[in-house]
Each structure stands twice: as C-alpha cells, then as structure tokens.
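For reference, the structure is listed below as structure tokens.
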Amino acid sequence: MDSYFEKGIRLKGTLWVKGAVRFDGDYEGEIYSSDHFVVGKSGKILGNIKTCNVTNMGFIQGNLFAENKVVLMNDSRLTGDISTYHLIIDEGSNFEGRCKMIDEPPKTVKEEIETLERPVPKSVKVAKSPPEKTSKPDSKPIFPVKKAAGIAIAVLVIAGLTWFYPSKEDRLGPLVKKGYRLLSEKKYEDAEAVLKKALTVSRVEPKVYAGLGDIYFEDKLYNDALAQFQRAIDLSPANAEYRIKQANVYSSKGQIKDAVKSYKQALEIDPKSGTAFYKMGLLYLGQEELEKARESLEMSVELNASAYEPHESLSKLYSLQKNYDKALVEIKEAINLKNDKPDLHLALGKLLLETGKEDESVEAFKKAANLFPQNFQAQIRIADWYYTKGLLDESLETYKVAETLDSENPVVQARLGKIYSDKNEKQKAKLALEKAIKLNPKDSLSHYQLGKLVSSEGKWGRAQSLLSNAIALNPAHGPSHYELGIVLLAREKLDPARDSFQKALDKEPENSDFIMGLVLAMVEKKELDESLELLLPVSQKEPNNPKVFLSICNVYTKKGYFTVATKHCEKSNELDKGNYEVMNRLAWLYAKKKNNLKKAFDLSSQTLKAFPKRPEYIDTLSEIHYVRGETDKALEKIQEAIKLEPNNPYYKQQLWKFKNIKPNPPA
C-alpha cells in the first residue's frame, strides 16, 4: 500500500490520490484514485469514487466507476450504481443499485488526474509589447476599464446566482419537514414522494431514510423498512431511536433475537431510554418470558414516569401471573396518567370482575362507554353484566347498542338470540340466532339454542338437524346431547334417544336434568324399577328440586301406584306453585283416586285457562267430569281433544269408555 488512512480519520471535500490506497476512516465527498482504492471494514464513504480498481469491505453510499475491476467483499454494503469492466460480488455482501458493464473505458483515471492537476508555474512569460503610440497626456487606458467592468459584471452574476439558488441545506430542511408532516397525517404515498425528492438533494441525511423506513413499516413492507433504517443507522450510529425502530420491524417479522439485539444496542447508546425498555418488555411479554418482561417494564416505569403505557402493560403482566392486587395498582396508575382513554377503564373493569368486585367493574365499563360510546367491548361487557344479574331488559338494550356499532358481529347476534329466547320472544330469537349461524357457521352454541327453540315448537326434523350440528361442532357439550334426546324421544326413536341422554350424562354425571332425561327414555321402554333407582337418590340430594319429584310421580303413575305418585306430585306442586304440568298431573291423579275432586277441578280449570288448546289438559278435565258423573261434559271435552289430535289412540279409548262404561260414584 502506498497510502493508509486509519480508523478515526474524518475528511470532507475532494480527494485526489495516486498509487494503492486503503481507507478505514470516514469520508464525505468525491474520490479520484489512479490505482487501487480499498475501503476497509471500518471505512465509510459518502460520495462517488472514480478509480482503476476498487475493493469494498466497509460501507459506500455513492456511485463507483472503476475502469478495471470492482470487488464487493463479504459483509460490505454499497448503495449506488456501478460502472466497471470486471465485477466480483462475494456471498454476504449487500448491494443496492444498478450495474453497467463497460467494454473500453474512454480514458484512464491516471490520465484524467494528470489533466486535472494544475501545478503553479515557476515563472510567467510576458509577450513583447508593440511599439508605443503617442497619445494625449490626459487620455485614459480603455482596455483596463473594460476589463474591470467585465469583472464587476461577473461578480454581480455570481452574487445573483448565490442569491436566487439556495444552498443544499436550505433545500433539504423543508423537504424533510414536509415529509414528516405528511407521515404524521398518514398520507404515506405523498410522504414517500417528498422524502425521495429529498434524496435527490442529499443522500447523507439519516432522517430521510428513517422517514422512509416509517412509511414502509406502516405499509408492512418490512424488508424495505429494515433497509432504510439500516441506512439511517449507518449514517448516524449513535442514534438510539433508529435502532428501536429497527427492532420494531424485526419484532413484526417474528425475528425475536434480532429485535432483542437491536433494543439492547439502543440501550447501550442510551441506558435511560424508557421507550427501549418498554418495547423490549412488550416483546418478552408476547413471548411469555414473564420475568424478563417484568424487569424491562419496571425499568420503563421508573425511567418514564409520565407514560401510561408501561403501567398498562405491567398490569397485564401481573394479571397473567394472577397477582391481581399489583395489576390493579398499575392499571389505576395508568388511568391517573391518561384518564380519558376508554381501554384503560375497560381493563380495570375486567380486573375487578376477576377479583369478584362486580359492582365496581360495571362502573368502570360504564366509564369506558361514556368516554367512547362506540367502544364495542365496553358495551358488550356492560350487557354481559346485566345478563348475569338477571336484568334482561337492561342487557337487551345494551346489546342493541352494541348491534348498532357492529350489526354483523356474530357474538352480538348470538347473545341477542339467547336473551330473546329467555324473554320468550321466539320469533326475534330465531331471527337473531339464524343470523349468528350465518355469520359464524361454527358457532355450536347458536346451533344448540336455535335447535332447542325449534324443538319447543315441535319442529322435530329441523331441531334434530341443528342439534346434530351443535354436537358435531362441540361433542363435549352435554346440553346438546340432552336436547337431541328430547327430540328423538318425541320422534319415538327410543334407543337413539336413550343413547343421547346417556352421552349427556357421561359429560356431567351429577346433572339431575340429564338423569331425568334418561329416565324418560327408560319409562317408555318399561324400565320402571331401574328408573326409580336413578331418581330416588337424586331426590335425597336435591330435596328442593320440584322436577325430580314430578319425574318420580310420573314413574309411579306408570306403575299404577297412584297414592305414592300423588304424594310426590303434591311435593312438586308445593315446591313449584304455578307449574301447569304439575297441576295437570295432580288433577289427573285426584280424578283417578276419586278424591279432592273440587281441587282437581280448580287445578284443571287453571291449566286450561292458560293453555286452552292443550289436548292433554283437556283430557284431564274430561276425566274429572266423567268421575263426577257428568258424562255429557266428559264426552264433549274428549271429542274436543280428539279434534286436536285425531290419531291419538288413548283419547279414542277414553271416548269409548265414556260412552260405554258407567262411572262408579266417588266414595
């Protein structure tokens, strides 16, 4: 090497060198070399290079013209265009630009340098002057005046050009400012155009590359964003903000190790960067490295006490660790710093729910909704709370508000369907549930709810289809198996019904409803003693469950043990006054026992007033009339029942009995 510029040297201007040169410093400007110019690993060149041979092991931002050869070594970076006769690119080098291969360079660089060099002459040769002419003593030399005037005009022209054409710095600043303003307004396409225009003024301003990186990051062009942030870092290595942005891109790409490395580099530059600690904490939190996340977020809270975000994230972390007391402290501190942010009140409400403070939680949800009525999650939470409290009207109104915010949300439609169903508004419930299924065909609960609703209307085929879908989507849902058993039983498919009830019971062995469902199928198969073996222990465990005693009553009725049946039915009626099914069964048993006929008549009249078209209730009243000796009334009522169910053999048998067998008078 003829010349060596070591690391740490910083130069700016135009460099003319002869011989082989190695450059490990920083240089901004044009370089002309006559032989071989080597940029070392620590070398950084911002400008064009014109030489015979060039080898890059460091960083060059500018165009290369090498009349013979360009070599780009491993780990080198070049941003700019190449013109050369030979090109060698090692694996691992980074080259962004265009390349033009030349056949015969028009002029050697050595010749150009020699032409451009202008040594100062040792002496000045003066031409011989012509013979003097006589002139008047007071005459003035004309030539010097003209020359002076020309010089003056040239000076004025140069001054004018300087006045009317601003410097590079004066042109660059407004472009950068405008680009960042457009970026803040989310006008990314316009911002990109302005910042690219700024590059035509200067290619060495890191803010321009950082701004382009922000734009590409927002557009999810992560590789392009990384390239721009790297350029900004190369130009301004001590800028921690650029490394944080670089880390954010790595994080979005899922390159976690690279992201952590960049965050740590930012902290090496600025150990008090609360933002770097916060971002790194979020990264660790996303990776469920909770201890590292806690350390980073706590440092962020300490370094940036006025920011609410670290407190919010630290609250989430403590919540994951089930440390609800600390989580509440942090979220409340976040609210103190940013009281007008609805998401913080929403988070507080969720935490209060977790700790059993329901009344306080709903106040937090209401605060979130008041701050931002369009906050869908807040409305949903409030509606859920009303629903759990049994306040169906309030819950319904709040869900309606949520529906105005997102009418195509399947969760809202499903919950509206459930509430309408609970309020016995069947048509509205069906519409909401149908829409929920259409929006989310995999919603097993909506299939179940709609199947149950359709089943109550006696539409057994549709109900079976819906409930089968619910089971296919969620085989572990016991209620779906139970409701399917009810449908199959109604369709007289006893064995499949029994299987469905058994599957429901397998999911929840202690569920008394599922036990009673299985008993329904067993009774139809005449397995009466086995049914009682299942039911009697349940009545001891649940002595206040009226449905269990009604089920036992029905089994004893099937066995013909009317006295014992009546005892259990009276118990059920005592526990659940106003249950028309129980009232009808008890009235029928009194008629069969031929006692309490007045009470039997009162009970039957009440059931028919509520359901005048229920044939089984009409049959009970006909039996009471028959026992009381009122045969004409009995015949009238049983014929009314037969009109409603013409093919019911039991009603036809009752008609024959009323016509042909005289009743025994009551004792």
Which condition number does Lys196 fail, the rest of (1) more than 25 Å from Ser262 (Cα to Cα); (2) part of a loop (DSSP other than H, G, I, E, B) being met?
-> (2)
Do the conditions hold for Ser455, that is, is it in the same structural domain as Lys503 (by TED's automatic domain parsing) and either surrounded by fewer than 20 Cβ atoms within 10 Å (Cβ to Cβ) or of a type in the set (Asp, Glu) (or both)?
-> no
Candidates Ala587, Ala610, Ala591, Ala634, filtered to the one that is buried (at least 22 other Cβ atoms within 10 Å of the Cβ) and over 21 Å from Asn554 (Cα atoms) | Ala634
Look through the stretch 1-34, keep the residues that are modelled with pLDDT of 90 or more and touching a helix residue (DSSP H, G or I) at 6+ places or on another chain (Cβ under 8 Å), and return whichever of them is surrounded by the fewest Cβ atoms within 10 Å (Cβ to Cβ).
-> Tyr32
Scan the helices (runs of 4 or more DSSP H) fully inside the stretch 244-348 and keep the ones with 1 or more residues being more than 22 Å from the chain's Cα centre (by Cα).
-> 256-269, 274-286, 290-303, 324-337
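Rundown of residues vs (1) of a type in the set (D, E, K, R); (2) at pLDDT 95 or above; (3) in contact with a Gly (Cβ under 8 Å, 6 or more places away or on another chain), yes/no style:
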position	(1), (2), (3)
Thr557	no, no, no
Phe562	no, no, no
Lys577	yes, no, no
Lys594	yes, no, no
Lys613	yes, no, no
Ile618	no, yes, no
Gly629	no, no, no
Ala634	no, no, no
Pro649	no, no, no
Considering every residue within the stretch 358-380, establish whether at least one is closer than 17 Å to Ser480 by Cβ and surrounded by fewer than 17 Cβ atoms within 10 Å (Cβ to Cβ).
-> no
So Asp214, is it part of a helix (DSSP H, G or I), touching a helix residue (DSSP H, G or I) at 6+ places or on another chain (Cβ under 9 Å), at pLDDT below 90 and not hydrophobic (A, V, I, L, M, F, W, C) = no
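The values are calculated or read from the model by the stated rules, or taken from the named source; none is laboratory data. No experiment lies behind these values; they were computed from the predicted model shown. Methodologically, a virtual Cβ is constructed for each residue, glycine included, from the backbone with ideal geometry; neighbour enumeration extends over all protein chains shown.
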